[in-house]
Amino acid sequence: MVTLLIIACILLLVLILLLAFRAHVLIGIIKNAYTGKVGVANKINAIGILIFFIVGLIAFYFSYQTAKPYFLPEAASVHGLATDRMFWLSMTIILIAFLVTNVLLYTFPYLYQYKEGKRAYFYPDNVKLEMMWTLLPAIVMTILVWMGLKEWNIIMDFPPEEECVVIEIMGKQFGWHVRYAGKDMKMGKYSFNSINNVNHMGIDLSDPNSMDDFCPNEIHLPKGKKILLKIRSRDVIHSVYLPHFRVKMDAVPGMATKFWFIPTKTTMEMRDQLGKPDFNYEMACTEICGKSHFAMRMVVVVDEPEEFEKWYAAQKPFVEENASSLNLPVKSKPVEQKTDTMSVAVEIKDTVNLDVLLNAKEEKSVALHINFAPNEFSLSEEAKTKVDEIYTFMIKNKDIKLEIDGHTDNTGDPKKNKELSEKRAKAIVDYLVSKGVKKNRLKAKGYGSEKPLVEGDSEQAKAMNRRVELKKIN
Ligand SMILES: [Cu+2]
């Protein structure tokens, strides 16, 4: 940084010197003191231009070296390696052309500066030279375009869906939702009419194929297998960006786009290669889509195929996980209503303002009413929408650490309530960590029904007491 600043200062100084000499000549003309002879300023100009070029080249080199640590590592996909090769080939050719033209441009004023008695050579045209500098770039361009087109055709040659792991991606302000086809390997239909604050992707719940589709919090991909992304957007244009795989495709409202690729390195292999044990692949949004655009991040995990199979088999279908919020009967297991019900008989609508925590004293806490299904501790899609606000808050305020306390109402066994509240608090922490918040910034605690917010047994009081509290910790 300091080096760059020094170089910038030197360049500025050279520019000021050149301007000063020019001003000196012009003032001479105005004052009639100018004799019309080419003075020493001409020589100094020529040397100045040369120095400008040399200092510029050194700055160019240093800026490259400074930026190098931020370059992406070697691509982790098959087509990524090919596109990177294309990129660096183009860069090399551009660099050569840049050096040749600029060396000529900056050295000629010095070599051919004014000398007494020397006259300029009149050189109107040279057909051979003109043919060369027209044809050479044309041929190089044609070869580059032809190579690029060949790669592009491979990228755009989609394999049949049956050969791929299909992942549906939905972008919305501000987050991603993804869906896998479930055990039957058939993705259910979707319709924008079905979209609500639980069913973010508009999954058509009347389609039998939708029944086992699942919507995880992070994307898992099997190494070496074909991945097909089917991309949609709910509101504005977003852009699916998986930088390490060199995947980028816009998510456009009203139309489905797609991209396919083959990942070649597992998360573990990449961590070893980079020497960063906490490295994670990610899916980001690369379209400036609104004020919380930066929060559109989802962790991507590349597994060995066997691990992927295990993960896939362990996922719970969307309809099962959100049965209570979707008002669907739960088929898989009967619900025992003995502990804290978390029923939605009375729903508390929070207006979340987490900013009050920023300058608050230790004991200040903010209560959030997040609905869980009875006896359940996994987060429904509706709950995730609320937790996403905590995520956005934590990403904006990088230094803040939070304690997440789970509270239940006083229905049922206090011991079980305490366990349940702890699991719910932990589920929130796990979700935030899965989105990329550092683990050491979060703490989960469960209080069960020990610390009610309000006294009483009314449904309203119970609903008020079923909550999560956020506290700032140091
Ligand atoms: Cu976006």
Of the residues in the stretch 212-236, those that are among the aliphatic types (A, V, I, L, M), within 15 Å of the ligand (Cβ to nearest atom) and in contact with a Cys (Cβ under 9 Å, 6 or more places away or on another chain) number 1
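Report yes if GLU168 is without any contact (Cβ under 8 Å) to a residue 24 or more places away in the chain, within 30 Å of PRO305 (Cα to Cα), not in a loop (DSSP other than H, G, I, E, B) and not polar (S, T, N, Q), otherwise no. I'd like the intermediate steps shown before the answer.
Details: without any contact (Cβ under 8 Å) to a residue 24 or more places away in the chain: no; within 30 Å of PRO305 (Cα to Cα): yes; not in a loop (DSSP other than H, G, I, E, B): yes; not polar (S, T, N, Q): yes.
No; evaluated as a whole, the condition is false for this residue.
If I filter the stretch 106-128 for residues that are assigned to a loop (DSSP other than H, G, I, E, B) and surrounded by 15 or more Cβ atoms within 10 Å (Cβ to Cβ), do I get at least one hit?
In the first step, residues of the stretch 106-128 are kept if they are assigned to a loop (DSSP other than H, G, I, E, B); the result is 112-126.
In the following step, the residues that additionally are surrounded by 15 or more Cβ atoms within 10 Å (Cβ to Cβ) were identified as 113.
Yes: the stretch 106-128 contains one or more residues that are assigned to a loop (DSSP other than H, G, I, E, B) and surrounded by 15 or more Cβ atoms within 10 Å (Cβ to Cβ).
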When restricted to PHE174, PHE158, the only residue within 25 Å of the chain's Cα centre (by Cα) and within 26 Å of LEU432 (Cβ to Cβ) is PHE174
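Of the residues that make up the stretch 50-61, is at least one assigned by TED's automatic domain parsing to the domain that holds LEU12 and closer than 30 Å to MET156 by Cα? Spell out the reasoning first.
Filtering the stretch 50-61 for residues assigned by TED's automatic domain parsing to the domain that holds LEU12 gives 50-61.
Right, trim to closer than 30 Å to MET156 by Cα and you get none.
No, the stretch 50-61 contains no residue that is assigned by TED's automatic domain parsing to the domain that holds LEU12 and closer than 30 Å to MET156 by Cα.
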Criterion first (within 16 Å of the ligand (Cβ to nearest atom), surrounded by 12 or more Cβ atoms within 10 Å (Cβ to Cβ) and not aromatic (Phe, Trp, Tyr)) does GLY171 satisfy it? yes
In the stretch 254-291, residues that are aliphatic (A, V, I, L, M) and away from the ligand (no atom under 14 Å from the Cβ) total 6
Result of the Cβ filter at 9 Å on the stretch 280-297, keeping first residues that are among the aromatic types (Phe, Trp, Tyr) and partners that are assigned to a strand (DSSP E or B) and near the ligand (Cβ under 9 Å from one of its atoms), at least 6 apart or interchain, is PHE294/ALA284; PHE294/CYS285
The residue that is farthest from LYS438 (Cα to Cα), considering only those in the stretch 292-329 that are of a type in the set (S, T, N, Q) and away from the ligand (no atom under 16 Å from the Cβ), is ASN327
Over the stretch 5-56, the set of residues over 19 Å from TYR114 (Cβ atoms) and among the basic types (Lys, Arg) is LYS31
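Give, as residue ranges, the strands (runs of 3 or more DSSP E) completely inside the stretch 220-334 that count at least 1 residues that are in the same structural domain as ASN199 (by TED's automatic domain parsing) and β-branched (Val, Ile, Thr). Full working, then the answer.
Details: elements: 227-233, 238-242, 247-251, 257-261, 281-285, 297-303.
Where strands (runs of 3 or more DSSP E) fall fully within the stretch 220-334 and carry at least 1 residues being in the same structural domain as ASN199 (by TED's automatic domain parsing) and β-branched (Val, Ile, Thr), they are 227-233, 238-242, 247-251, 257-261, 297-303.
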Checked against (1) in contact with a helix residue (DSSP H, G or I) (Cβ under 8 Å, 6 or more places away or on another chain); (2) within 16 Å of the ligand (Cβ to nearest atom); (3) not aliphatic (A, V, I, L, M), SER239 satisfies every condition except (1)
### Task
Consider LYS189 carefully, then state whether it is modelled with pLDDT under 95 and away from the ligand (no atom under 16 Å from the Cβ).
yes
ALA46: passes all of (1) exposed (fewer than 14 other Cβ atoms within 10 Å of the Cβ); (2) of a type outside the set (Val, Ile, Thr); (3) more than 29 Å from the chain's Cα centre (by Cα) but (1)
Checked the stretch 265-306 for anything over 11 Å from the mean Cα position of the chain (by Cα) and charged (D, E, K, R); matches are LYS265, GLU269, ARG271, ASP272, LYS276, ASP278, LYS291, ASP303, GLU304, GLU306
Within the stretch 223-241, restricting to residues that are within 18 Å of the chain's Cα centre (by Cα) and of a type in the set (Gly, Ala, Ser), the one that is surrounded by the most Cβ atoms within 10 Å (Cβ to Cβ) is SER233
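The values are calculated or read from the model by the stated rules, or taken from the named source; none is laboratory data. Not measured: the values here are computed from a predicted model. Please note: Cβ atoms are built from the backbone with ideal geometry, for glycine as well, and neighbour counts cover all protein chains shown.
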